[in-house]
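Working notes, beginning with the structure itself.
The values are calculated or read from the model by the stated rules, or taken from the named source; none is laboratory data. Just so you know, these numbers come straight off a predicted model, no measurement behind them. Using ideal geometry, Cβ is built from the backbone for each residue, glycine included, and neighbour counts are taken over all protein chains shown. Side chains are part of the model used for accessible areas, which takes the heavy atoms of the whole protein and leaves out ligands, DNA and RNA. Shrake-Rupley method; radii C 1.70, N 1.55, O 1.52, S 1.80 Å.
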Amino acid sequence: MGIRLGDNQYGKAEVRLVRVTRDTPVHEIEDVCVTSQLRGDMESVHTVGDNSNCLATDTQKNTVYAKAKENGGIGAIEDFALLLAQHFVSEHDYIHGARQEIHSYGWNRIDTANGPHDHSFVRAGSETRTTVVTKDGDQEWVVSGFDGLTVLKSTGSEFHGYPKTHYTTLPETTDRILATDITARWRYIGTGLDWDKTYASVRSQLLEAFATTHSLALQQTLYTMGRTVLENHPEIAEIKFSMPNNHHFLVDLSPFGLDNPNEVFFAADRPYGKIEATVERDDAPAAGRAWESIPGFV
Ligand SMILES: O=c1[nH]c(=O)c2[nH]c(=O)[nH]c2[nH]1
């Protein structure tokens, strides 16, 4: 019978790791979630249960923890993911490729009456920074981004001019709330970059573009955000977004004899519009395997 093993990868998912740097009484913390997956000569473990090439997922988990110590911390998640991928591929001749995904959660020092506390922290911001490093032999790809950066504009957003069909009830508006949770992923050209600096810059450009674009559609805002990033970052080939349109409906207060000039809204949680797009350079190098197993984006 013509049956064979197709693409496969395996590893330990969602290894939670908090690293405390405690060289001085003023501690630092790094908080990440690592998913390690390996690809290689895995035919026989699948077909006959021969585990001789099967680097245990438990070993992959231990490697993540040990490298956090040997490396003196995590550092930029892109560097740590590259370090893990390079370790697995170079140490074991039966491992040919790796996919290392890391999410990181930011923490700020708690501000007390006596100033920022030495070892007490509060979660920073609403977003989770992410990276996926894919290594295939000598080739490496880095896709970074974030999930869930929640933003809202209380004006500066219109929506009109859309087709009016038999089923259209949506009133046109020249002044509405625009709210979304930005999920973005961008593909780097090459490695060896200052990941933390680029991340901070992309994040602030996205926020600036969201704030300053007078929006005629969330699609237009999305495109402007992506174009701004590509114009300012030649090291980024493309950026993908998935953004809900978190609807805010004006509440009818007329039964109570009250007017409502865009002041009181019902913040609906579902359904929501779902706006997704890629903004890309037309001369970008090919994506190769960079986007493999990164679901949820077009
Ligand atoms: O910015 C928007 N884009 C749409 O495609 C859309 N559709 C809709 O009902 N409201 C909106 N708003």
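Key figures
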quantity: Hey, Ala13 touching a strand residue (DSSP E or B) at 6+ places or on another chain (Cβ under 7 Å) and open to solvent by 60 Å² or more (accessible area, probe 1.4 Å) or not; calculated: yes
quantity: Qualifying residue in region 179-187 (condition: within 14 Å of the ligand (Cβ to nearest atom) and part of a helix (DSSP H, G or I)); calculated: no
quantity: Residue within region 88-99 that is among the basic types (Lys, Arg), in the same structural domain as Met1 (by TED's automatic domain parsing) and more than 24 Å from Ile239 (Cβ to Cβ) present; calculated: no
quantity: Hits in region 219-252 - residues which are assigned to a helix (DSSP H, G or I), surrounded by 16 or more Cβ atoms within 10 Å (Cβ to Cβ) and more than 14 Å from the ligand (Cβ to nearest atom); calculated: Gly226, Thr228, Val229, Leu230
quantity: Subset tally (residues that are assigned to a helix (DSSP H, G or I) and exposed (fewer than 13 other Cβ atoms within 10 Å of the Cβ)) for region 20-45; calculated: 0
quantity: For Leu55: the one exception among (1) of a type outside the set (Val, Ile, Thr); (2) surrounded by fewer than 20 Cβ atoms within 10 Å (Cβ to Cβ); (3) within 18 Å of Gly137 (Cα to Cα); calculated: (2)
quantity: Pair list, Cβ < 6 Å and 6+ apart or interchain, from region 123-147 residues that are under 10 Å from Gly97 (Cβ atoms) to residues that are assigned to a strand (DSSP E or B) and among the small types (Gly, Ala, Ser); calculated: Lys135/Gly97; Lys135/Ala98; Asp136/Gly97
quantity: Check on Glu101, in contact with a strand residue (DSSP E or B) (Cβ under 6 Å, 6 or more places away or on another chain) and in a strand (DSSP E or B); calculated: yes
quantity: Any hit, region 112-132, residues being farther than 26 Å from Ala81 by Cα, within 13 Å of the ligand (Cβ to nearest atom) and at pLDDT 95 or above; calculated: no
